[in-house]
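Here is the structure we will look at.
The values are calculated or read from the model by the stated rules, or taken from the named source; none is laboratory data. None of these values were measured; they are calculated from a predicted model. Because the Cβ atoms are built from the backbone with ideal geometry, glycine has one as well, and the counts that use them run over all protein chains shown. Heavy atoms of the whole protein, side chains included, go into the accessibility calculation; ligands, DNA and RNA do not. Shrake-Rupley method; radii C 1.70, N 1.55, O 1.52, S 1.80 Å.
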Amino acid sequence: MYRRMKLRRILPAALVLAVLAAMTAFGAEEAAYEPAAYATALALLPPVVAIGLALITKEVYSSLFVGILVGSVLYSGGNFEMAVTHMFTGGIISVLSDSYNVGILVFLVILGAMVCLMNRAGGSAAFGRFAARRIKSRVGAQLATILLGVLIFIDDYFNCLTVGSVMRPVTDKFQVSRAKLSYLIDATAAPVCIIAPISSWAAAVTGFVEGEDGFSVFIRAIPYNFYAILTIVMMVSMALMKLDFGPMAVHEKNAGAGDLFTTLGRPYGNGEETDGEAKGTVADLLIPILSLIICCVIGMLYSGGFFSGADFVTAFSQSDASLGLTLGSFFGLVITVLLYNVRRIMNFHDCMSCIPEGFKAMVPAIMILTFAWTLKAMTDSLGADVYVAGLVQASAGAFISFLPAVIFLVGCFLAFATGTSWGTFGILIPIVVAVFEKNSPELMIISISACMAGAVCGDHCSPISDTTIMASAGAQCEHVNHVMTQLPYAMTAAAISFVTYIIAGFTKSAFISLPAGILMLFAVLLLIRASQRGRTDG
């Protein structure tokens with residue numbers, strides 16, 4: 001009897017231990033699972049498929065989903081159950097459970113609500129009228145858009161949506177196409193953030209430079225960030241020269257005839273209500289935007305520990321952009337609601353109705369972002385970063401002076417395929433530091449800058465990039481139209497940047513290579529203008 005009682009006590013404990021052991025073994029087996037396509041060229045197939053389909057079909061959602069599906073099938077080796085499970089648990093559910101991603105989505109929703117508030121209060125329309133009295137031409141409208149984009153250097157998401165909402169009425173008045181507005185927004189978002197020492201991008205880069213003073217390295221790399229600098233110079237030059245080429249020229253010609261979209265699609269048309277247009281003033285736009293900027297800066301400093309004793313530079317370098325922007329946008333929204341209620345422009349009920357309206361306006365961008373993040377999760381699970389890292393390390397000793405140009409190309413391709421600049425920084429910068437840290441510190445700076453420039457270029461060109469998506473949302477432009485019209489401009493700046501990095505690899509001097517790149521850019525633009533005039537005369 002005693003033995004039976006003892007057995008009854010031991011059996012449950014033994015069963016629990018057995019289950020735990022099985023779960024541990026299963027977990028170890030699952031953790032050790034490595035797909036056959038891991039760290040091979042096939043790891044880059046999902047984004048290639050998604051991008052190719054998006055450009056062919058001009059339909060983004062289904063193209064991204066097919067890319068995700070290809071990634072999950074490669075991961076599972078053809079096992080249906082594992083493919084479906086990985087697509088959701090390792091993909092969609094995983095990225096939507098990530099606190100950083102959720103913070104970005106909350107930030108977008110709040111920004112959408114603020115844009116809707118400013119439109120309904122009449123602030124955007126009032127600024128449009130104010131700017132229209134002072135801006136007298138299409139050139140002036142484009143230059144004003146570029147200037148505002150350069151001034152808002154804190155974060156690329158914030159830049160895209162704010163510049164778009166503020167400048168849309170002005171560019172519409174002067175018949176600048178939505179595709180051109182998208183390009184101006186996109187080209188002053190990431191390229192400005194990557195050369196601004198106080199920005200979320202600078203914070204991200206400095207965090208990847210291990211074993212070095214990240215902030216000092218970032219500052220020294222700015223003159224070598226050829227793609228960002230050449231892109232800004234190119235924008236201003238084309239605006240002053242009244243030059244457009246490729247598909248963008250068609251959009252600009254149609255805009256001059258009254259068609260700003262050159263397409264039937266208006267996917268972001270929900271945020272254009274202006275119920276309070278008669279009451280709104282310029283202050284009803286400027287105060288919310290300034291509040292948003294100040295609150296976002298304070299939020300980023302808070303997330304970096306500034307109020308816990310960290311100095312300003314350290315706080316920015318270790319800030320959490322997602323948390324900082326979420327906190328900043330929330331307090332910016334509160335200030336905006338209070339302002340409009342105190343000024344009796346909108347009552348509290350009307351303000352609250354703008355929150356779901358702003359959410360609806362951001363739904364297309366949120367969907368594309370979610371799919372793009374999921375696609376990146378698929379490439380990560382297939383070891384795309386390991387494959388690319390191996391390629392770079394294998395070529396490190398072969399032609400050392402050409403390596404900055406090679407790193408620029410690798411960064412372009414990786415960011416284009418994955419749709420992320422920051423992920424590209426995380427893969428390439430530690431490799432560059434390890435290769436050059438002891439051998440050639442100056443070449444390390446040039447190569448780190450080449451990595452940053454390549455990542456921004458690939459991100460700029462990629463239809464699955466979050467910044468590209470935000471630029472489309474900010475300008476309320478059909479996403480594929482934005483990608484197709486922007487690509488020839490980005491590729492022109494990229495080709496000149498590649499040659500400039502070859503020059504920098506040999507001269508190791510920004511004072512020689514950067515002016516050479518700017519001169520090449522002007523020469524190319526003048527050749528394009530001459531060829532267009534030749535076709536017109538002919």
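Plugging the Kirkwood radius over Cα pairs into Stokes-Einstein for the stretch 286-432, at a temperature of 20 °C and a viscosity of 1.002 mPa s, what D comes out in µm²/s? Don't jump to the answer; show the numbers that get you there.
Details: Rh = 18.9 Å.
For these conditions, the coefficient is 114 µm²/s.
Under the Kirkwood approximation applied to all pairs of distinct alpha-carbon atoms, what is the hydrodynamic radius of the stretch 75-205 in Å?
The answer is 17.0 Å.
Roughly how many Å² of PHE226 are accessible to a 1.4 Å probe, to the nearest 10?
Surface accessible to solvent at PHE226 totals approximately 0 Å².
Just to make sure I understand: if all protein chains stay in place, what is the order of MET167, MET352 by accessible area at 1.4 Å, largest first?
So, going from the largest accessible area down, we get MET352, MET167.
If I compute solvent accessible area with a 1.4 Å probe over the protein chains, what percent of it on the stretch 398-538 is carbon and sulfur? Spell out each step's value before the answer.
Values: 3380 of 4710 Å².
Roughly 72 percent of what the probe reaches on the stretch 398-538 is carbon or sulfur.
Need the full-extension length gain, VAL236 to PHE511, defined as separation in residues times 0.36 nm minus the C-alpha distance. One decimal, nm.
Between VAL236 and PHE511, full extension yields 96.9 nm more.
List the pairs from LYS180/LYS242; LYS173/LYS360; LYS180/LYS279; LYS136/LYS242; LYS180/LYS376 whose alpha-carbon separation is above 23 Å, in the order I gave them.
With Cα atoms farther than 23 Å apart: LYS173/LYS360; LYS180/LYS279; LYS180/LYS376.
Might you work out the accessible area of THR57 for me, using a 1.4 Å probe with all protein chains in place, and round it to the nearest 10 Å²?
About 70 Å², rounded to the nearest 10.
Counting only protein heavy atoms, what percent of the accessible surface of the stretch 26-155 is carbon or sulfur at a 1.4 Å probe?
Roughly 70 percent, rounded to a whole number.
For ILE93, what accessible surface area do you get with a 1.4 Å probe? Give it in Å², rounded to 10.
Accessible area of ILE93: about 90 Å².
If I stretch the segment between VAL363 and ALA495 completely, what's the gain in nm (0.36 nm per residue apart, minus their alpha carbon distance), one decimal?
Details: separation 132, 0.36 × 132 = 47.52 nm, distance 3.50 nm.
Here the segment from VAL363 to ALA495 would lengthen by 44.0 nm.
Just add up the charged neighbours of GLN175: K/R +1, D/E -1, any other residue whose Cβ is under 14 Å from the Cβ of GLN175.
Within the 14 Å Cβ shell, the charges total +4.
List every residue whose amide H lies under 5 Å from the amide H of TYR38, counting only residues 5 or more places away in sequence or on a different chain, with H placed 1.01 Å from N in the peptide plane.
Here nothing satisfies the definition.
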